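*Asks:* One structure, as structure tokens, below. Some questions next.
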Amino acid sequence: MRLKIKQIVFLIFLFLNCSLVIGQEKILVLHSYHQGLEWTDNITNGINSIFSPFGDKYELHFDYLDTKRNTTDEYYEQLRILFEAKSKKIKYSAIIISDNNALNFIKANREKLFDDIPIIFCGVNNYSEELIEGINNITGVEEKTDFDGTISLMLKLHPNTKRIFIVNDFTTTGHAIKESLQNILPKYQDRVKFEFYENFLLETVGADLESLGGDDLIYILTFNRDKEGKFIAYQYGIIMIVQAVKVPIYGSWDFYLGKGIVGGNITSGVWQGQEAARMTLDVLNGKDINSMPVRVEIPNTFMFDYNQLIKHNIPIENIPNDAQIINVPPSFLDENKISISVVSSIVFLIMFVLIARNVDFKSRQKDLEAEKDKLDYKVKIRTKSLEEVNSKLKLEIDERIETENKLVVLKNDLLDANKTKDKFFSIIAHDLKNPFNSLLGLTGILRSEYDDYTEEEIKGMIKEIHSASHKTYCLLEDLLTWSSSQRGVIKEEKEEANLEEIINREIHVLKENAHIKNIELILNIDVDEVIFTDKFMFSTVIRNLITNAIKFTPNGGKVEIYSKKENDSITLCVSDTGVGIDDSIKESLFRIDKNVSTRGTNNEVGTGLGLVLCKEFVDKLGGKIWLEDNKDKGTTFLVRLPKSS
């Protein structure tokens, strides 16, 4: 009765999860073990990396036999019943299988369940032709682990070793590995003693291994089930061993690397999956599977964990030259190359801006002087004419008055330009001087007194250098953008654009700033709302307004972005629950000659140019920008722009 109930549950699960997509070739990926086991997941990642570029052309069905945690005959019978039902419902073009248990399952049920479907295997230990004897249309990739290479490496790095403690279990994989080792270990019997640790209990692993001493090494192979059948996940098993011993640990699979082993000649599950997927594509593209030999010469790679090399005092120069090393700390140059690059770029850009502004001012001054010379010449000619022809006196006087009015306008424009120039240089002199003082001071200390400071103090100085560089870069970026706008370099290119898409892009960029202060960003915009604007200018306006709202909103506050339709225009609103804006500075927010900059609620600093840029760009777009106080608290900035051309 219980067996029938389980069969019914399997069938219900089957029909709820099967999907028939017409036109796709269906590929069954049958794993021996369970999802979440790193080796199995690595094979899956390798398969997906090969098939993902093909989009929907192929439909991958992943099934897991879960045989590390379930081993009874009754369980295998239930698996057979499940796949018998699936085989009636789904027609597979090919089957990829991983590891020995899946191969044995296919071999036992080939004729009834998967007759003549091409089969490509990977991750199979101790491959021989007898393993696939009697199975037609099959090929694959052997999991050939280089135990000999890893043991030789261990003895080379630790020449005084007297015993190698081999951790291995009684699973199918464990038996296959031990069988392979029996052909390798005799060659080392005169150099070192091997001791298998396989008849263990999960609860006593730590106590069993803690007595290992300085002449011992551990070689961890399979560690998934104890003698009572209790399952052990890879990550949990290696942590148990690392915490119990002080001796170096070596391994042969990528799922142990980075978790406590020194390294070894590593077998990659990702590579196994990729090779099996490539062979499957060849079969699906018409290649005869019976002409494709099993791949048995698989290249493995020596890989090491830098932290473990340092922990066990293993010189890096002793490991193979072509080895890969993970967790290598960055050099001082790597850690500071951004700061160095930023400082160099800032110096170059400041020089460029100064030269460009100087050339621009000189050019305008020269034009004005030339215009004045021309006007003076005209006045002289007209004056002489007045002496000769009194009848033309009124006409000449009117022309002179008009000329003088032009001079006044030009003079006022020049005065305004000089005021703007003076403010521009004032900002550069003041706001760039302070961070450069910090940069020069801190770098001077590091250069002359580096050895007098702790690592944490040095990191703190580097953090201050980075902060000052970032602030200077942001200021320079705003100055350049404003300068480009002033000189007419930035030309508006208006087009119809989706309002919600533009704002969502800016929210995505700024969401981390809001997350740091636990600020909720609320977007209430019609997804079909269209405006006629320049995308770059409008994005700059939105980014500055949302940045200011986050900056002046306390932790836990809200920033809401919404729109209001008004005939042929649309008004975008950025509202916050922040500290508000003092009435005394409201009129100065959009003026370059005032340069209002206030620290945020978390002491954030700004350049004082953000709202100036907003005003510049909104004016160019033919719109209007203003602000209003909220009823409760905070501020709302409003931008009105036309909907269409």
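The values are calculated or read from the model by the stated rules, or taken from the named source; none is laboratory data. Nothing here was measured: the structure is a model prediction, and the numbers come from that model. Note that we place each Cβ from the backbone using ideal geometry, even for glycine, and neighbour counts take in every protein chain shown. Just the protein is used for accessible areas: all its heavy atoms, side chains included, with ligands, DNA and RNA removed. Shrake-Rupley method; radii C 1.70, N 1.55, O 1.52, S 1.80 Å.
*Asks:* Which value, in Å², gives the accessible area per residue of segment 37-186 when a 1.4 Å probe is used on the protein heavy atoms?
*Replies:* Value returned for segment 37-186: 41 Å² of accessible area per residue.
*Asks:* Please give the peptides 137-147, 95-105 ranked by average Cβ packing (other Cβ atoms within 10 Å per residue), highest first, as a rough proxy for protection.
*Replies:* 95-105, 137-147
*Asks:* Of the accessible area of segment 208-266, with the probe set at 1.4 angstrom, what percent is carbon plus sulfur?
*Replies:* 45 percent
*Asks:* Hey, another quick one. Report the relative contact order of segment 120-252, percent, no decimals, based on alpha-carbon pairs under 8 angstrom and at least 6 residues apart.
*Replies:* Value for segment 120-252: 27 percent.
*Asks:* Leaving out ligands and nucleic acids, note down the accessible area per residue over segment 195-253 with a 1.4 angstrom probe, in whole Å².
*Replies:* With the other protein chains kept in place, segment 195-253 gives 40 Å² per residue.
*Asks:* Here is a further query. Quick one: accessible area per residue over segment 278-382, 1.4 Å probe, rounded to a whole number of Å²?
*Replies:* 68 Å²
*Asks:* Another question, then. Taking 0.36 nm per intervening residue step and subtracting the Cα-Cα distance, what contour gain separates V408 from D582 on full extension?
*Replies:* 59.0 nm
*Asks:* If each residue of separation counts as 0.36 nm, what is the full-extension length gain between E111 and V389 once their alpha-carbon separation is subtracted?
*Replies:* This chain segment gains 88.0 nm when fully extended.
*Asks:* Turning to a different aspect of this structure: Label-point separation (nm) for F536 and N504, each offset 7 Å from Cα along Cα-to-Cβ?
*Replies:* 2.4 nm
*Asks:* Moving to a separate point now. If you rank T72, T636 by how much accessible surface each has, with a 1.4 Å probe, what is the order from largest down?
*Replies:* Order by accessible area, largest first: T72, T636.
*Asks:* Let me ask you something else. Accessible area of segment 504-568 with a 1.4 Å probe: how many percent of it is carbon plus sulfur?
*Replies:* Percent of accessible area from carbon and sulfur atoms in segment 504-568: 47.
*Asks:* Show the residues, 5+ positions off or on another chain, whose built amide H is closer than 5 Å to the amide H of K26.
*Replies:* Here E59, S93 satisfy the definition.
*Asks:* Per-residue accessible area for F196 at 1.4 Å probe radius, Å² rounded to 10?
*Replies:* In the full protein context, F196 sits at about 50 Å².
*Asks:* Follow-up question, since we're still on this one. Taking 7 Å along the Cα-to-C-beta vector as the label spot, tell me the E496-Q324 distance in nanometres, rounded to one decimal.
*Replies:* 5.1 nm
*Asks:* Here is a further query. Relative contact order for segment 114-175: what percent, with Cα pairs under 8 Å and sequence separation of 6 or more?
*Replies:* Computed over segment 114-175, the figure is 29 percent.
*Asks:* Which one of S363, P320, M351 is farthest out on the positive end of the charge dipole of segment 313-383, using unit charges on Cβ (Lys, Arg +1; Asp, Glu -1) and the Cα centre as origin?
*Replies:* In segment 313-383, that residue is S363.
*Asks:* In a shell of Cβ-Cβ distance under 14 Å around D254, excluding D254 itself, what net charge do Lys and Arg (+1) and Asp and Glu (-1) give?
*Replies:* Its environment carries a net charge of -4.
*Asks:* If you stretched the chain out fully between F361 and R69, how much longer would it get, using 0.36 nm times the residue separation minus the C-alpha to C-alpha distance?
*Replies:* 97.2 nm
*Asks:* For segment 32-93, build the charge dipole from Cβ charges (+1 Lys, Arg; -1 Asp, Glu) around the Cα centre, then report which of P53, Y33, Y64 sits farthest towards its positive end.
*Replies:* P53
*Asks:* Taking θ as phi - 60°, what are the ³J(HN,Hα) couplings along segment 54-62 by the Karplus curve (6.51, -1.76, 1.60), each to the nearest whole Hz, with x for Gly and Pro?
*Replies:* 8, x, 8, 5, 10, 10, 8, 10, 9
*Asks:* Label N524 and R591 with points 7 Å out from Cα along Cα→Cβ: what is the distance between them in nm?
*Replies:* Going by the 7 Å Cα→Cβ label model, 3.5 nm.
*Asks:* With a 1.4 Å probe and all protein chains kept in place, how do E500, E566, E628 rank by accessible area, largest first?
*Replies:* My answer, sorted largest first, is E628, E566, E500.
*Asks:* Next question, about the same structure. Taking a 1.4 Å probe, which of T171, T383 shows the most accessible area, and what order do the others take after it?
*Replies:* Largest accessible area first, the residues go T383, T171.
*Asks:* Using a 1.4 Å probe on the protein heavy atoms only, what accessible surface does M240 show? Give it in Å² to the nearest 10.
*Replies:* Here the residue's solvent-accessible area equals roughly 30 Å².
*Asks:* Enumerate the amide H contacts of T635 below 5 Å, restricted to partners 5 or more residues apart or on another chain; note that Pro and chain-start residues carry no placed amide H.
*Replies:* Under 5 Å from the amide H of T635 lie the amide H atoms of D576, G578, G580, N630, each far enough along the sequence or on another chain.
*Asks:* So how exposed is S363, as accessible area in Å² (1.4 Å probe, rounded to 10)?
*Replies:* Solvent-accessible area, nearest 10 Å²: 60 Å².
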